[in-house]
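A short worksheet on the structure shown next.
Where a number appears in this text, it was derived from the coordinates with a stated rule and is not lab data. Just so we're clear, the structure is a prediction, and the values are computed from it rather than from any experiment.
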Amino acid sequence: MQQSPLLKNVSHLSLEANPVLVEHAKQRAESVQNRTADKITAFSGSMWFVYIHIIWFASWIGFGVEKYPYGLLTMIVSLEAIFLSTFVMISQNRADAKRQVIADQQWQTVKEEDKQNEQLLELSNQILELTRAIHEFTSPQASTGSGLASPSRG
């Protein structure tokens with residue numbers, strides 16, 4: 001498979017983990033419940049989970065563990081779906097927490113940049129005032145009495 005031109009242009013860049021997310025992950029890893037939920041969510045969202053279930057269902061039906069309409073299998077799968085939906089919600093909450101951490105950090109950065117922009121604008125205005133003062137001081141009209149003015153044509 002050929003690499004896109006965009007990926008070729010940025011492939012030399014090293015992707016550094018967001019330090020705020022690294023800290024958030026460390027805090028999250030301190031809880032056994034969070035670690036367990038993360039592992040279950042990661043596994044249930046993998047192809048191994050799908051393969052195991054294909055083998056399990058095929059074996060259940062193929063070996064005749066129970067007869068059609070498979071009441072026990074249906075109950076087991078229903079219970080599994082209930083638990084998996086809970087883990088999906090846990091995963092969504094985790095993703096929301098990550099987004100909130102990033103949003104808070106970005107807001108802090110925006111506030112700092114806004115303060116810097118105000119300082120730069122103030123400096124720019126001071127430079128503009130000084131430039132105007134210098135132009136007024138060195139302009140030909142301001143120096144007509146000093147003999148530095150350009151000769152008048154007449």
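Averaged over every viewing direction, what's the projected area of the C-alpha convex hull for region 25-139? Give it in nm², one decimal, please.
Numbers: hull surface 51.1 nm².
Seen from a random direction, the Cα hull of region 25-139 projects 12.8 nm² on average.
Please turn the phi angles of region 82-93 into ³J(HN,Hα) values with the Karplus equation 6.51 cos²θ - 1.76 cosθ + 1.60 (θ = phi - 60°), one per residue in order, whole Hz, x for glycine and proline.
Each residue of region 82-93 in turn: 4, 5, 5, 5, 5, 5, 5, 5, 4, 4, 5, 4 Hz.
HN-Hα J couplings of region 118-130 from phi, Karplus 6.51/-1.76/1.60, θ = phi - 60°, integer Hz, Gly and Pro as x?
5, 5, 5, 5, 4, 4, 4, 5, 5, 4, 4, 5, 5
When the chain is fully extended, how far beyond the present Cα-Cα distance does M75 get from F63, taking 0.36 nm per residue of separation?
2.5 nm
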